[in-house]
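Student: Input: one structure, supplied below.
The values are calculated or read from the model by the stated rules, or taken from the named source; none is laboratory data. Source: prediction; values computed, not measured. All Cβ positions, glycine included, derive from the backbone under ideal geometry; neighbour counts span all protein chains shown.
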Amino acid sequence: MQQHPLASKVRGDFPILKREINDFPLAYLDNAATTQKPQCVIDSLLDFYSTHNSNVSRGVYTLAEEATEIYEEGRESIAKFIGATDYGNIIFTRGTTESINLVASAWAQHILKTGDQIIVTEMEHHSNLVPWQMAAQASGAELVYWPITPEAGSAGVGLLEFEKLEDLLTDSVKLLAVTAVSNVLGTVNHIAKIVEMAHKRGIPVLVDAAQAVARMPIDVTGWDCDFLAFSGHKVYGPTGIGVLYAKKERLDEMLPFQGGGGMIRQVGRQSSTWADSPQKFEAGTPPVAEVYGLAAALKYVSDVGIFEIQKHEKELTAHALNRFAEFTDLELYGPQDICDRTGVLSFNLRNVHPHDVAQVLDEGGIAVRAGHHCTQILHERLGVAASVRMSFGIYNEVSEIDHLFSTLDRARDIFLD
Ligand SMILES: Cc1ncc(COP(=O)(O)O)c(C=O)c1O
C-alpha cells in the first residue's frame, strides 16, 4: 500500500481501520458523512462514564463539580479551536442541523417579516435550507438563491460568483446562509469576503462549517460571521454533539429555543425569566460525555495540525483529480482547479446507477456514499438525481484512491459489458 506520511502516522490511532470488509482492508472514503474516531476519543467517553459521570451544575459534590468543569472546559477549548474570543458565545447542540434550526426558530422567525428575504446558495445541504424555508413560511419571508456557475461567461463549475451576490444584497435581505465547503462539489467558499460584502449592507451571515471543520482552520473572529454551526462527528468526535457560535449582539436578539431545566433564572406560575446565554439556549441535561469527547477530538486534530491536515487533503485531492482526468466515462462535479476545492469528490460513471457503483465498491472494501447527499436542489441543478461521493479524512492513502479507480473497472464489466 502506498503510504502517505500523515496517514501512516495517524492510521494506528483509529481502531476501526483494522477492519476488513469482503476480505479487503477497509478503505473508508465517506468522511463527509461522518469521520472515524481515534482511540483518544473512544477513551475519553470510557473515562467520563467510568470516573466522572454526573449531571452538571446541579450538585456541590465532587463528581458533579468534575462533570461541570469538564463541560465548561470543553466550551473553552471549542471556542479556542474556532477562533472565538469569548467562550460564552458557544452553545452546545446535537449537531449542525440543530444549531441551524436553533437560529431559524430562536432568531430568524421573530426577526423576519412579510417581504423579507434570506439568501441561500444552490449548493446548500438540506440542513441549511429547510430550516430557512420553515422560518420563511412562518413569517411571510422568502428564500432567494445565489446560483452556482456555470452561468454564461463564467469560469469554473460549481463556484459562487461575487458579481451575482452584489445584485442579490438588497434592503429586503435579513440573513445570508452559506456553507464554507460544499458537501458534494467540494467547493471552498470565500467566507471572509462574503461576510464583508453582506456586512456592508448590514446583513448578518450564518456559516455552515459542517464540512469545513475537519478540513481547514476556522476563524470566526477573522471571518467576522454572525453565526457558525458544526457537528462533532464530522471532526473525529462523537455523534450527538454540535456547536453553534453566535456573536454577542445576535445572542442578545435571540429568544429561548426550548424551555426546561437549566435555561431559567426564575420560574413563576404563569411565566419565567431566562438565564444568561449560553445556558439560555441549553435546556435540559446537556451532552457532557459528548463534549468531553469532542474536546478530545479537537485536541487530537490540533496536535496533528490543521495545516498539515489541509495539505494532506490537497495532495489526495490533486491525485484524485489527475485520476479522474484519465477517464472519459466519469463525470466529476465541482471545480476542477485544486485552488477552489477540497477533498469531497462527487461523480457518476456514465450509464451506471450510483447505487450500483457504490455496491461494487463495497465489494472491494471501499465505503463511499451514493444518493443526493441531502442536496436535491444542487443535484437538480447538476441535472442528475444522484451521484457517488468519495470524501477524504486524515487517515486516507493515495493507494485507497487508486483501489477505488481500479474497482470501478469491475462496475464497468458488470453493468456495461
Ligand atoms: C454541509 C453540511 N451541512 C449540514 C450537515 C448536517 O450535519 P448533521 O447531520 O451532523 O447535523 C451536513 C451533513 O452531512 C453537511 O455536510
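Student: Within segment 271-291, is there a residue that is in contact with a Phe, Trp or Tyr (Cβ under 8 Å, 6 or more places away or on another chain) and closer than 24 Å to residue 373 by Cβ?
Tutor: no
Student: If I go through segment 6-49 residue by residue, how many of them are in a helix (DSSP H, G or I) and either surrounded by 16 or more Cβ atoms within 10 Å (Cβ to Cβ) or in contact with a helix residue (DSSP H, G or I) (Cβ under 7 Å, 6 or more places away or on another chain) (or both)?
Tutor: Number satisfying all stated conditions: 16.
Student: Residues of segment 346-356 being outside any strand (DSSP E or B) and within 25 Å of the chain's Cα centre (by Cα), which ones?
Tutor: Correct list: 354, 355.
Student: So, residue 220, is that one touching a residue at least 60 places away in the same chain (Cβ under 8 Å) and within 11 Å of the ligand (Cβ to nearest atom) or not?
Tutor: In short, no.
Student: How about segment 90-148: which of its residues are among the charged types (D, E, K, R) and either at positive phi or within 15 Å of the ligand (Cβ to nearest atom) (or both)?
Tutor: Hits for segment 90-148 are 94, 98, 122, 124.
Student: Under the condition of being part of a loop (DSSP other than H, G, I, E, B) and hydrophobic (A, V, I, L, M, F, W, C), which residue from segment 264-290 is nearest to residue 49 (Cα to Cα)?
Tutor: Checking each candidate, the answer is 283.
Student: May I pose another question? Looking at the structure I just gave you, is residue 240 assigned to a loop (DSSP other than H, G, I, E, B) and either exposed (fewer than 14 other Cβ atoms within 10 Å of the Cβ) or outside the structural domain of residue 187 (by TED's automatic domain parsing) (or both)?
Tutor: It is false that residue 240 is assigned to a loop (DSSP other than H, G, I, E, B) and either exposed (fewer than 14 other Cβ atoms within 10 Å of the Cβ) or outside the structural domain of residue 187 (by TED's automatic domain parsing) (or both).
Student: Going by the structure shown, is residue 234 charged (D, E, K, R), within 15 Å of the ligand (Cβ to nearest atom), assigned by TED's automatic domain parsing to the domain that holds residue 147 and farther than 20 Å from residue 340 by Cβ?
Tutor: yes
Student: Considering only residues that are in contact (Cβ under 8 Å) with a residue 40 or more places away in the chain, touching a Leu at 6+ places or on another chain (Cβ under 7 Å) and more than 14 Å from the ligand (Cβ to nearest atom), which ones fall in segment 159-197?
Tutor: Residues satisfying the conditions are 174, 175.
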